1. Condition (residue is surrounded by fewer than 20 Cβ atoms within 10 Å (Cβ to Cβ) and farther than 28 Å from V12 by Cα) applied to segment 172-189: is it met by at least one residue?
2. Residues in segment 109-137 that are surrounded by fewer than 24 Cβ atoms within 10 Å (Cβ to Cβ), over 16 Å from V179 (Cα atoms) and within 9 Å of ligand 1 (Cβ to nearest atom): how many?
3. Quick one: in segment 46-83, of everything that is among the β-branched types (V, I, T) and at pLDDT below 80, which residue is least open to solvent (accessible area, probe 1.4 Å)?
4. Among residues belonging to segment 83-95 that are outside any loop (DSSP other than H, G, I, E, B) and either touching a helix residue (DSSP H, G or I) at 6+ places or on another chain (Cβ under 8 Å) or more than 17 Å from E276 (Cβ to Cβ) (or both), point out the one that is nearest to ligand 3 (Cβ to nearest atom).
5. Being open to solvent by 50 Å² or more (accessible area, probe 1.4 Å) and in contact with a helix residue (DSSP H, G or I) (Cβ under 7 Å, 6 or more places away or on another chain) narrows it down to one residue among R383, R345; which is it?
6. Residue pairs, Cβ under 9 Å, 6 or more apart or interchain, first in segment 14-43 and under 11 Å from S190 (Cα atoms) and free of Cβ contacts under 8 Å to residues at least 40 places away in the same chain, second away from ligand 3 (no atom under 11 Å from the Cβ) and of a type in the set (S, T, Y). List them.
7. Give just the number: which of (1) part of a loop (DSSP other than H, G, I, E, B); (2) touching a strand residue (DSSP E or B) at 6+ places or on another chain (Cβ under 8 Å); (3) not acidic (D, E) does F320 not satisfy?
8. Those residues that are under 21 Å from S92 (Cα atoms), out of contact with any Lys or Arg (no Cβ under 8 Å at 6 or more places or on another chain) and not charged (D, E, K, R), I need them from segment 121-150; list them, please.
Amino acid sequence: MSKSDKSSGRTVFVCQECGRESLKWLGRCPDCQQWNSFVETVVRAPVASARPIAQVTPPQELSRVVIEAADRTPMPLAEFNRVLGGGLVAGSLVLISGDPGIGKSTLLLQASASMAHNRNRVVYASGEETVHQIKLRAERLGLTGDGLYLMAETDLEAILNQAEQLTPGLVVIDSIQTVYFSELEATPGSVGQVRECTLRLMQWAKLRGVPVFITGHVTKEGAIAGPRVLEHIVDVVLYLEGEPFSAYRLLRSVKNRFGSTNEVGVFEMKEAGLVEVENPSQAFLSQRGLEAIGSAVVPTLEGSRPLLVEIQALTTPTSFGLPRRTANGVDFNRLLLVTAVLTKRVGLRLGNQDIMVNVTGGLRVGEPAADLGMALAIASSFRDTGVDPGLAVVGEVGLSGELRAASQLERRLTEVARLGFKRCIIPQAGPKVTPPRDIDIIPVGTLREAVSRGLVRKKTTG
Ligand SMILES: Nc1ncnc2c1ncn2[C@@H]1O[C@H](COP(=O)(O)OP(=O)(O)O)[C@@H](O)[C@H]1O
Ligand SMILES: [Mg+2]
Ligand SMILES: [Zn+2]
């Protein structure tokens, strides 16, 4: 690697994953273990002091600090509000990240248009689309644009200058990977630019008390492109998720300095944009047949919110080679574990079966409390026997075939009852629960017992 000295500044190598700096090029980052992540970057000497925009605030005596009732602006979309913890806090910097095409720009354009009016201007700066393209999208979404100011601009200072003049109530930057700070020679999207721009936006938001939204793309590995540092700087991190083939979108809060994390909001992508799903459990179960072979309903918990999901399984004899396992929406390793326990402790001969598991609606279920649902769906498909249609199940499966406690059972049971299910198999282990009135709980100790209680009795023929 040849390195010519540049007279205008020093060069450093910066890890594009985590932001670690090094004077030499390194093949592997000692901090985040990423290979080939170092990129040479020219730093013009004292960038940080180039143009300070934060005022110095004198220290305040603790007893004199006044707690203002958090200055929250409610967002017009209730599901968005829920995820933000009840509204948008003044001066907060909110990152919305997700795969390309998932709907980040759509969501923010909708939110901007609905918050904007002539007394509350919104600046929407896009480095991804032209003003013309944004207008076309707005027309498709049926949005008018009073008070909404569009800029196709990537120079951060230019954007902030405009924002200073328009004195908006909200600023949107789509996306953080396309903007740049001109005093830095690194390319837009590099860790140096992303970090500097984010820091500057943070300072500006705090200084003016104006909330700022930024979007960020996600790389294949699932991290926000380039830097982890981004997540550390901003106040709130939201993920917009969904499977490409499904119209459902989950907005999840993974960091929130002003509210609880792990809240989710559920939307559906339609021609007219993202529409709130008011009764998600019902939406996810709406296509469930009564036969219910290879299908189990599980009350999962998304943050504080219980969601009923349907887990489906299909077992078919392996035609050649090794049996295959396919997991859509559930953790692959949990599938292997559950399959092993079903084989060894329940006596199902799954060794020569291909097994496919799917969560309907394109949802992803991460928690082990969904194990029992997966197990019951597999057992049902394998035995070709229906699952009791009025039944929901919840519980983690342990290696010796025992059922382990699930958290916040009462919340889950309330949702089960609300959607008209009559019975719920729960783990015997764990604290005692008082179920809602119109539902019977079936406490069960082992997976074997759960399978025999959960499947409808098959009429013996012949
Ligand atoms: N004409 C259309 N009708 C319905 N949905 C559309 C239309 N055009 C785009 N979409 C939806 O909008 C999505 C693009 O959303 P967008 O907000 O641009 O995503 P992101 O900003 O996250 O990359 C597409 O994946 C598609 O689902
Ligand atoms: Mg976009
Ligand atoms: Zn690194």
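1. So far as segment 172-189 goes, no, none of its residues is surrounded by fewer than 20 Cβ atoms within 10 Å (Cβ to Cβ) and farther than 28 Å from V12 by Cα.
2. So the count comes out to 1.
3. V47
4. Out of the qualifying residues, it is L95.
5. Of the residues listed, the single one that is open to solvent by 50 Å² or more (accessible area, probe 1.4 Å) and in contact with a helix residue (DSSP H, G or I) (Cβ under 7 Å, 6 or more places away or on another chain) is R345.
6. E40/T11
7. (2)
8. Residues satisfying the conditions are V122, V123, Y124, A125, S126.
The values are calculated or read from the model by the stated rules, or taken from the named source; none is laboratory data. Model, not experiment: these values are computed from the prediction. We place every Cβ from the backbone using ideal geometry, glycine too, and count neighbours over all the protein chains shown. The protein model used for the area step is the full one, side chains on, heavy atoms only, and it has no ligands, DNA or RNA in it. Shrake-Rupley method; radii C 1.70, N 1.55, O 1.52, S 1.80 Å.
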